[in-house]
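The values are calculated or read from the model by the stated rules, or taken from the named source; none is laboratory data. Everything numeric in this text was worked out from a predicted model, so none of it was measured. Using ideal geometry, Cβ is built from the backbone for each residue, glycine included, and neighbour counts are taken over all protein chains shown.
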Amino acid sequence: MRFTWGITVRKLVYYIGVTLDGRIAGPGGEFGFFPQGDEQQAAAYSTWVNALYPETVPTAYRTAVGLAKAPNRRFDTVVMGLGTYRLSLDNGVTSPYTHLRQYVVSSTLKPDTDPAVTVVAGDPLGLVRELKGESGAGQDIWLCGGGRLAGSLFPEIDELLIKTYPVVAGSGIPVVEGDFDPTVFDVAERTAFPNGVTLTRLTRR
């Protein structure tokens with residue numbers, strides 16, 4: 001977090017899985033093609049990442065992976081677009097991250113979909129700037145996806161957490177959708193796993 005005259009400024013962190021050609025999902029939202037390695041490799045990778053960011057595991061799966069009582073380590077708020085949220089809706093789950101404050105940016109989703117989810121019909125930049133400006137020492141904000149929302153919020157993205165999978169999609173949803181505007185990020189740390197996945201943390205220069 002950044003500190004300005006003693007005031008804590010929360011970061012917006014885009015944490016997402018990406019193919020080698022920069023896709024977060026296939027043309028129809030597919031994501032089952034992301035390779036996980038063999039069973040042992042997949043388990044080791046998941047255990048390491050889940051321990052680092054336990055709050056990014058959906059509530060429905062936390063008990064199964066031993067995170068039922070795990071505290072939030074990095075984030076206390078999640079922001080997502082309708083495409084990302086719909087992955088839960090289609091499975092009958094209207095509040096996928098009950099341990100976080102949840103915001104869904106959508107102009108078509110009903111505002112009363114779930115009392116634990118705040119639907120924002122427009123101005124995602126205004127939403128994020130308001131969340132960043134909240135008083136107190138809150139944790140950071142997790143941008144969960146997708147690419148169109150990331151493009152809209154790009155001016156406010158402070159950090160990228162990119163899980164790069166060893167696969168080329170060919171086409172699909174880009175990690176950031178927007179106009180040509182080269183923006184440099186610095187690599188803060190990078191970890192490679194036996195299943196071929198690389199987790200890179202980058203900060204805006």
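Numbers at a glance
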{"read-out": "Residue match in segment 166-176 (condition: at pLDDT 95 or above, surrounded by 18 or more Cβ atoms within 10 Å (Cβ to Cβ) and at positive phi)", "value": "yes"}
{"read-out": "Of all residues making up segment 102-117, the number that are surrounded by 13 or more Cβ atoms within 10 Å (Cβ to Cβ) and within 19 Å of R148 (Cα to Cα)", "value": "6"}
{"read-out": "Condition met for Y85 (within 17 Å of L12 (Cα to Cα), at pLDDT 95 or above and crowded, with 17+ Cβ neighbours inside 10 Å)", "value": "no"}
{"read-out": "Test: residue in segment 139-153 that is crowded, with 17+ Cβ neighbours inside 10 Å, in contact with a helix residue (DSSP H, G or I) (Cβ under 8 Å, 6 or more places away or on another chain) and part of a loop (DSSP other than H, G, I, E, B)", "value": "yes"}
{"read-out": "Count - residues of segment 22-47 that are among the aromatic types (F, W, Y), surrounded by 14 or more Cβ atoms within 10 Å (Cβ to Cβ) and over 17 Å from C144 (Cβ atoms)", "value": "1"}
{"read-out": "Total residues in segment 50-72, condition assigned to a helix (DSSP H, G or I), under 21 Å from N91 (Cβ atoms) and of a type in the set (A, V, I, L, M)", "value": "1"}
{"read-out": "Residue check, E159 loosely packed, with under 14 Cβ neighbours inside 10 Å and in contact (Cβ under 8 Å) with a residue 60 or more places away in the chain", "value": "no"}
{"read-out": "Selected residue (criterion: nearest to the chain's Cα centre (by Cα)) from residues of segment 88-101 that are in a loop (DSSP other than H, G, I, E, B) and either surrounded by fewer than 18 Cβ atoms within 10 Å (Cβ to Cβ) or aliphatic (A, V, I, L, M) (or both)", "value": "L100"}
